[in-house]
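The values are calculated or read from the model by the stated rules, or taken from the named source; none is laboratory data. Here the structure is a predicted model, which is why all the values come from computation and not from measurement. With ideal geometry, Cβ positions are generated from the backbone for all residues, glycine too; neighbour counts draw on all protein chains shown. These accessible areas exclude ligands, DNA and RNA; they are computed on the full protein's heavy atoms, side chains included. Shrake-Rupley method; radii C 1.70, N 1.55, O 1.52, S 1.80 Å.
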Amino acid sequence: MSKNIHTKPPGIEDIFPDRIPLWNFILNCAKEVFKTYNFKELIIPVLEYTDVFIKGIGDDTDIVSKEMFSFEDRGGRNLCLRPEGTAGVVRAYVENGDYNRLSLSKFFYAGPMFRAEKPQKGRLRQFNQFGAETFGSNSPYYDSEIILMIDAITKRLGIATYNILINSIGCPDCRPAYIKELREYYKNNINELCEDCKKRVDRNPLRLLDCKNEKCGELKKHAPVISCFICGNCKDHHNAVKTSLDRNGVKYTEDPMLVRGLDYYTKTTFEFVSTDLGSQSAFAAGGRYDNLVETFGGKPTPAVGFAAGMERLMLLLEGRKMEHQLDVFIAYSGESAFSKALDILNTLRSRNISADIDPESGSLKSQFKKSDRENTKISIIIGEDELRENKVTIKKMQTGEQKKIEEKDIIDFISGSLN
Ligand code: HAM
């Protein structure tokens, strides 16, 4: 028998019920904030043609050149588990005429992404993101709206220590002059570069700035910075984004080396980072990508967006106690009490009250133990006395307070106690 049936592949996680309350808290916070900013949910496929990401993210990026889970399907198609959401959202937006005819569209999405990275704390091969994308406007207002929205989500989650790094990486008009200068610089230091970067100097020198190799990192410290090269239009845009953040009291740090590991960005790039995460410090990131819709065959449509990593947010909120709670556990003694308990169980569940029972348990004592394990708010007890009197005993687990009530009053009493 294959030993692979006993274990999951590296960098892949199971998420058991004890972590789900925190998981849902994070996702619900994000969804509440998306709603207040008028973003609408879009569900896109996990599987796409590999070309979507090669074209979208760029073939010199680490994601495309080293990290994609791509394969040929039985029909000879080259498919890929999505490594990120943006390229798929753009593909869907261009493919769906109804949406790309609107002057402005704001979408959010959530789900698993796949990158064959070296697994470590906060870096998985299957990880989950939620993200948002705005299509149809050049206005710096929308760059700042995205950053303000992430800031609102972060604050609502109760994360207090983080920093926002921002930069502008210019546009196709001004970036070539910078690329030329960067290429010169790295050519003069070519022997200091890692093997991958040696190849990138001619093809895509911007990618050298996000190389994780230590020696390349040292060289980066003295590399030319893009802020000296960006054109008036990009500069105005960048200043307008910063003014908007200032007006809203959001603090940020300018990082002139923040180019990000995906090729599609133009103008604004940003990252939300926390030192509490160690080396994988970014918990949300994104930027503007004004040319990607056109790359996918759509009409020129500027866009801006972000994605946040669920697992990294979980790490930041690790100490937060958030437990699963069951509204009602029904304990009974004897056969007749069991059938009454089942009737009550069904009624409670049909009223959206979470409820459970142990159909195999013998003693009341062992049923109470199970109730404790489920972190129950209220127990209903049906013993011989209760059966005879057509009543049940209700016990509030937090206070220990207990009283007998008529069967007909159960729903009202429990609904009142749970609110
Ligand atoms: P990204 O920076 O590649 O951007 O990923 C966004 C976030 O996903 C990261 O900040 C991190 O929290 C999380 N993340 C990325 N890789 C991993 C991993 N291997 N394990 C755990 N978490 C991870 C994008 O994906 C762009 N699509 C963002 C964007 C949207 N730009 C414009 N629109």
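Observations, loosely collected:
- Per-residue Karplus couplings for the range 40-50, computed as 6.51 cos²θ - 1.76 cosθ + 1.60 with θ equal to phi - 60°, are listed in order as 10, 6, 10, 10, 10, x, 7, 9, 9, 4, 4 Hz, Gly and Pro entered as x.
- The heavy atoms of Leu165 offer some 30 square angstrom of accessible surface to a 1.4 angstrom probe.
- Normalised alpha carbon radius of gyration of the range 299-419 [divisor 2.2 N^0.38 Å]: 1.50
- For Glu84, the residues whose modelled amide H falls within less than 5 Å of its own, excluding neighbours fewer than 5 places apart on the same chain, are Phe114.
- Kirkwood hydrodynamic radius of the range 267-329, Cα pairs, Å: 14.7 Å
- The candidates Asp236, Asp290, arranged from most to least accessible area with a 1.4 Å probe in the full protein assembly, appear as Asp236, Asp290.
- In order through the range 162-179: 3J(HN,Hα) via Karplus (6.51 cos²θ - 1.76 cosθ + 1.60), integer Hz, x for Gly, Pro: 7, 10, 10, 9, 9, 7, 10, 9, x, 9, x, 6, 9, 5, x, 5, 5, 4
- Exposure rule at most 13 other beta-carbon atoms within 10 Å, DSSP loop GluC sites (Glu not before Pro): the chain longest free segment: 1-317
- Rounded to the nearest 10 Å², the accessible area of Ile153 at probe 1.4 Å: 10 Å²
- FRET efficiency for Glu41 and Lys215, using Cβ-Cβ distance with R0 set to 35 Å, rounded to 0.05: 0.20
- Looking at the chain, the accessible area is 51 square angstrom per residue; that uses a 1.4 Å probe and ignores ligands, DNA and RNA.
- Ranking Ser105, Asn138, Leu22 by how far each Cα lies toward the positive end of the dipole of the chain (charges on Cβ) leaves Asn138 at the top.
- Among the protein heavy atoms, those of Thr295 account for about 60 Å² of accessible surface (1.4 Å probe, every chain in place).
- Carbon/sulfur fraction of accessible area - the chain, other protein chains in place, 1.4 Å, %: 48 percent
- Size descriptor for the chain, Kirkwood hydrodynamic radius: 24.9 Å (Cα pairs only, one decimal).
- Cross-link pairs Lys3/Lys215; Lys3/Lys66; Lys155/Lys395; Lys340/Lys395 - those with Cα-Cα distance over 29 Å: Lys3/Lys215; Lys155/Lys395
- Amide H partners (placed H, <5 Å) of Phe69, local residues excluded: Leu81, Ala116
- In degrees, nearest ten, helix 140-157 long axis to first principal axis of the chain (Cα): 30 degrees
- Antiparallel %, DSSP beta bridges [both residues in the chain], to 5: 80 percent
- Taken one residue at a time, the phi angles of the range 299-315 give Karplus couplings (6.51, -1.76, 1.60, θ = phi - 60°) of 6, x, 9, x, 8, 8, x, 8, 9, 10, x, 4, 5, 6, 5, 4, 4 Hz. Gly and Pro are set to x.
- Net lengthening on full extension, Arg320/Asn189 (0.36 nm per residue, minus Cα-Cα): 42.4 nm
- Ordered by 1.4 Å accessible area with all protein chains kept, Thr161, Thr275 run largest first as Thr275, Thr161.
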